[in-house]
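Asks: First the structure, then my questions, so here it is.
The values are calculated or read from the model by the stated rules, or taken from the named source; none is laboratory data. Everything numeric here is computed off the predicted structure, so don't read it as measured data. Backbone-built Cβ (ideal geometry, glycine too); neighbour counts: all protein chains shown.
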Amino acid sequence: MMGRTQKADVAIIGGGPAGLAAASEAKAAGADRVLLLERDARVGGILNQQVHDGFGTKVFNEALTGPEYAAIYEDRCNERDVETWLKSTVINVTKDRVLTVQSDSGLATIEASSMIFAMGCRERTRGAIGTPGTRPAGVFTAGAVQNYMNVRNLAVGRKVVILGSGDIGLIMARRMTLEGAEVICVAEILPQPSGIAGNIVRCLEDFNIPLYLSTTVVEIHGKERVTGVTLAQVGPKMGEVYGTRRFIECDTLLLSVGLIPETELSTEVGIATNPVTTGAVVDDSFRTSVPGIFSCGNVLQVHDVVDFATLEAEKAGRAAAMWATTGELPEPTISITPGEGLRYVLPAAISGVDAVDFTMRSWKEEHHKSVVFRSGGEVLRRLKMPHMEPAGMIRVRVGQGRFKKVLDKNITVEVGE
Ligand SMILES: Cc1cc2nc3c(=O)[nH]c(=O)nc-3n(C[C@H](O)[C@H](O)[C@H](O)COP(=O)(O)OP(=O)(O)OC[C@H]3O[C@@H](n4cnc5c(N)ncnc54)[C@H](O)[C@@H]3O)c2cc1C
């Protein structure tokens, strides 16, 4: 299958749900040779280890498991003749879209008319958050434990403390309890949980697992194996509150302290990135600052819900196919700026010729109830959203008609009451 230098219309790096959706749509949109490159032995990405249900509620209106959801898109790719290379890691890309792929058969070079980055995320580790203490066995990231338990059928510990209340940590608290471990508590440094409300109820409250807010691990104990951790409360500026230290005996510390987009290739090729998401700066066709390179899925922004990663990737796939076949896409002429209450908004620029699905996250933990789009001081669109999750990604569609009213080539997006 591999030769020295090959050509592809669209090359997609990463065969997770984003890569699968982008590949099948690129093919459906008329790209001839679509190449999906995955470093793992099978496609599906992180979904292969997520045996809980809850995937597909937006796209299919039902709660599938991760592998079930991934299988639908894998079948679609097969039906549409997407060429998939497994155990194939992209180790280098250039600005003129030449990829170097390493696999069991050696190195291959691919010249692609357009390229989609869909490399997903990796987990933040103990080193990244600088937790003090000894360095015994028994400190794991949540995703690693998920892989050990759900894919390899291995237990990792019996008495567990979880640091971080993001959805991964919450899901693993339930999973480990169901597998017979005692989850002593979940500690969260922020004053509010990071995961969605449904997961707090389903994964912690239903199993009587305490959640300690404004609390972190200030020391890890143990020589060969973890023997316990010291928890302490933190103040509003994240400093330790004197006199609140307490020792918790445990043999496992599970870290669920955030995901980091896999941005090495993007950085190497010089793509402009957003300092908040650390993913690429993209327009509403998901093209990056380097012509012909597109980005979608978790490498672009961390998604809570896979369905939104899929929808984003499908659009990126169609745009990459159009670029590969015609060399043209609508030019982005309107810039988008995050305003009051928002950490970021995506895309960073739009063409205004089509409806746009904006995604964003807010700064504050308060319950915002509306999203407002303004241009030149005028309100273009105000969307009432009474059920917005404080910690969740916000996704709203604005119809093309609204963009006709843009006054100064800029739209500011904000959240409020
Ligand atoms: C623990 C956890 C629980 C979740 N629960 C839910 C849930 O209940 N419901 C829900 O809707 N969503 C859930 N999500 C979110 C969902 O899983 C993600 O949104 C989705 O997996 C993102 O897809 P992706 O394709 O961008 O990334 P990934 O799934 O991470 O796939 C990226 C792929 O790229 C490959 N890759 C990376 N670099 C290279 C390279 N250089 N060369 C070749 N291949 C490469 C990787 O091997 C991987 O297969 C959860 C996420 C986590 C972590």
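Asks: Is it true that some residue in region 247-261 is in a loop (DSSP other than H, G, I, E, B), more than 16 Å from the ligand (Cβ to nearest atom) and charged (D, E, K, R)?
Replies: Applying the first criterion (in a loop (DSSP other than H, G, I, E, B)) to region 247-261 yields 250-251, 256-258.
With more than 16 Å from the ligand (Cβ to nearest atom) added as a condition, the list becomes 250-251.
If we keep only those that are charged (D, E, K, R) too, we end up with 251.
Yes, some residue in region 247-261 is in a loop (DSSP other than H, G, I, E, B), more than 16 Å from the ligand (Cβ to nearest atom) and charged (D, E, K, R).
Asks: Whether any residue in region 358-365 is within 28 Å of Lys7 (Cα to Cα), in contact with a helix residue (DSSP H, G or I) (Cβ under 8 Å, 6 or more places away or on another chain), in contact (Cβ under 8 Å) with a residue 24 or more places away in the chain and not charged (D, E, K, R) is what I want to check.
Replies: Of the residues in region 358-365, the ones within 28 Å of Lys7 (Cα to Cα) are none.
No, because not a single residue in region 358-365 is within 28 Å of Lys7 (Cα to Cα), in contact with a helix residue (DSSP H, G or I) (Cβ under 8 Å, 6 or more places away or on another chain), in contact (Cβ under 8 Å) with a residue 24 or more places away in the chain and not charged (D, E, K, R).
Asks: Which residue is surrounded by the fewest Cβ atoms within 10 Å (Cβ to Cβ), if the candidates are limited to region 364-417 and must be among the small types (Gly, Ala, Ser) and outside any loop (DSSP other than H, G, I, E, B)? I'd like the intermediate steps shown before the answer.
Replies: Residues of region 364-417 among the small types (Gly, Ala, Ser): 370, 375-377, 391-392, 399, 401, 416.
Still in the running and outside any loop (DSSP other than H, G, I, E, B): 370, 375, 401, 416.
Details: Ser370: 15, Ser375: 19, Gly401: 10, Gly416: 14.
Checking each candidate, the answer is Gly401.
Asks: Further question on the same structure: Mind checking whether some residue in region 116-125 is basic (Lys, Arg) and under 30 Å from His221 (Cα atoms)?
Replies: Here is the first cut: in region 116-125, the ones basic (Lys, Arg) are 122, 124.
Filter once more, keeping what is under 30 Å from His221 (Cα atoms): 122, 124.
Yes, that holds for at least one residue.
Asks: Within region 27-63, restricting attention to residues that are outside any loop (DSSP other than H, G, I, E, B) and within 19 Å of Leu99 (Cβ to Cβ), which residue is farthest from the ligand (Cβ to nearest atom)? Even if it seems obvious, please write down each step before you answer.
Replies: So the first thing to find is which residues in region 27-63 are outside any loop (DSSP other than H, G, I, E, B), and the list is 27-28, 34-37, 45-49, 53-55.
Those left that are additionally within 19 Å of Leu99 (Cβ to Cβ): 27, 34-37, 45.
Working: Lys27: 17, Val34: 15, Leu35: 11, Leu36: 9, Leu37: 5, Gly45: 2 Å.
So, considering only residues that are outside any loop (DSSP other than H, G, I, E, B) and within 19 Å of Leu99 (Cβ to Cβ), the one farthest from the ligand (Cβ to nearest atom) is Lys27.
Asks: Condition test on Ser24, is it modelled with pLDDT of 95 or more, more than 14 Å from the ligand (Cβ to nearest atom) and not in a loop (DSSP other than H, G, I, E, B)? First the steps, then the outcome.
Replies: Working: modelled with pLDDT of 95 or more: yes; more than 14 Å from the ligand (Cβ to nearest atom): no; not in a loop (DSSP other than H, G, I, E, B): yes.
Judged against the criteria, Ser24 is not a match.
Asks: Separate question: Any residue at all in region 128-141 that is buried (at least 19 other Cβ atoms within 10 Å of the Cβ) and within 12 Å of the ligand (Cβ to nearest atom)? Can you show your working first?
Replies: Let us first name the residues in region 128-141 that are buried (at least 19 other Cβ atoms within 10 Å of the Cβ), namely 131, 138-141.
Right, trim to within 12 Å of the ligand (Cβ to nearest atom) and you get 141.
Scanning region 128-141, I find at least one residue that is buried (at least 19 other Cβ atoms within 10 Å of the Cβ) and within 12 Å of the ligand (Cβ to nearest atom), so the answer is yes.
Asks: Shifting gears a bit: Sort through Gln102, Gln50 and tell me the only one that's at pLDDT below 95 and on the phi < 0 side of the Ramachandran plot.
Replies: Values: Gln102 fails: at pLDDT below 95.
Only one candidate passes the filter, namely Gln50.
Asks: Answer yes if at least one residue in region 84-101 is more than 11 Å from the ligand (Cβ to nearest atom), assigned to a strand (DSSP E or B), in the same structural domain as Gly292 (by TED's automatic domain parsing) and without any contact (Cβ under 8 Å) to a residue 40 or more places away in the chain, and no otherwise.
Replies: Yes, because at least one residue in region 84-101 is more than 11 Å from the ligand (Cβ to nearest atom), assigned to a strand (DSSP E or B), in the same structural domain as Gly292 (by TED's automatic domain parsing) and without any contact (Cβ under 8 Å) to a residue 40 or more places away in the chain.
Asks: I'm trying to understand the selection: among the residues of region 262-284, which are within 16 Å of the ligand (Cβ to nearest atom) and crowded, with 24+ Cβ neighbours inside 10 Å?
Replies: Correct list: Ser266, Gly279, Ala280, Val282.
Asks: A follow-up question, please. Report yes if Gly30 is in the same structural domain as Met119 (by TED's automatic domain parsing), farther than 27 Å from Arg174 by Cα and in contact (Cβ under 8 Å) with a residue 40 or more places away in the chain, otherwise no.
Replies: On the way: in the same structural domain as Met119 (by TED's automatic domain parsing): yes; farther than 27 Å from Arg174 by Cα: yes; in contact (Cβ under 8 Å) with a residue 40 or more places away in the chain: yes.
Considered against the rule, which asks whether it is in the same structural domain as Met119 (by TED's automatic domain parsing), farther than 27 Å from Arg174 by Cα and in contact (Cβ under 8 Å) with a residue 40 or more places away in the chain, Gly30 comes out as yes.
Asks: What do you reckon, is Ile91 at pLDDT 95 or above and surrounded by fewer than 15 Cβ atoms within 10 Å (Cβ to Cβ)? Explain how you work it out, then say what you get.
Replies: On the way: at pLDDT 95 or above: yes; surrounded by fewer than 15 Cβ atoms within 10 Å (Cβ to Cβ): yes.
So Ile91 fits the description; yes.
Asks: Which one is surrounded by the most Cβ atoms within 10 Å (Cβ to Cβ) among residues in region 285-324 that are free of Cβ contacts under 8 Å to residues at least 40 places away in the same chain and not in a helix (DSSP H, G or I)?
Replies: Ranking the candidates gives Ser289 first.
Asks: Filter region 308-345 down to residues that are among the small types (Gly, Ala, Ser) and more than 16 Å from the ligand (Cβ to nearest atom) and give me whichever is nearest to Ile411 (Cα to Cα).
Replies: Ser335
Asks: Sort through Gly164, Gly180 and tell me the only one that's surrounded by 17 or more Cβ atoms within 10 Å (Cβ to Cβ) and at positive phi. Lay out the reasoning, then the answer.
Replies: Details: Gly180 fails: surrounded by 17 or more Cβ atoms within 10 Å (Cβ to Cβ).
Exactly one residue qualifies, and that residue is Gly164.
Asks: Here's something else I'd like to know. Can you pull out every residue in region 152-173 that is farther than 20 Å from Ala137 by Cβ, more than 11 Å from the ligand (Cβ to nearest atom) and outside any loop (DSSP other than H, G, I, E, B)?
Replies: Across region 152-173, the qualifying residue is only Ala173.
Asks: Looking at Met149, Met119 in this structure, which one is within 15 Å of the ligand (Cβ to nearest atom), closer than 26 Å to Asp53 by Cα and either aromatic (Phe, Trp, Tyr) or free of Cβ contacts under 8 Å to residues at least 40 places away in the same chain (or both)?
Replies: Only one candidate passes the filter, namely Met149.
Asks: Within region 174-196, which residues are within 14 Å of the ligand (Cβ to nearest atom) and part of a helix (DSSP H, G or I)?
Replies: Within region 174-196, Arg174, Arg175, Met176 qualify.
Asks: Looking at Glu111, is it more than 12 Å from the ligand (Cβ to nearest atom), modelled with pLDDT of 95 or more and either of a type in the set (Phe, Trp, Tyr) or touching a helix residue (DSSP H, G or I) at 6+ places or on another chain (Cβ under 9 Å) (or both)? Explain how you work it out, then say what you get.
Replies: On the way: more than 12 Å from the ligand (Cβ to nearest atom): yes; modelled with pLDDT of 95 or more: yes; either of a type in the set (Phe, Trp, Tyr) or touching a helix residue (DSSP H, G or I) at 6+ places or on another chain (Cβ under 9 Å) (or both): no.
Answer is no for this residue.
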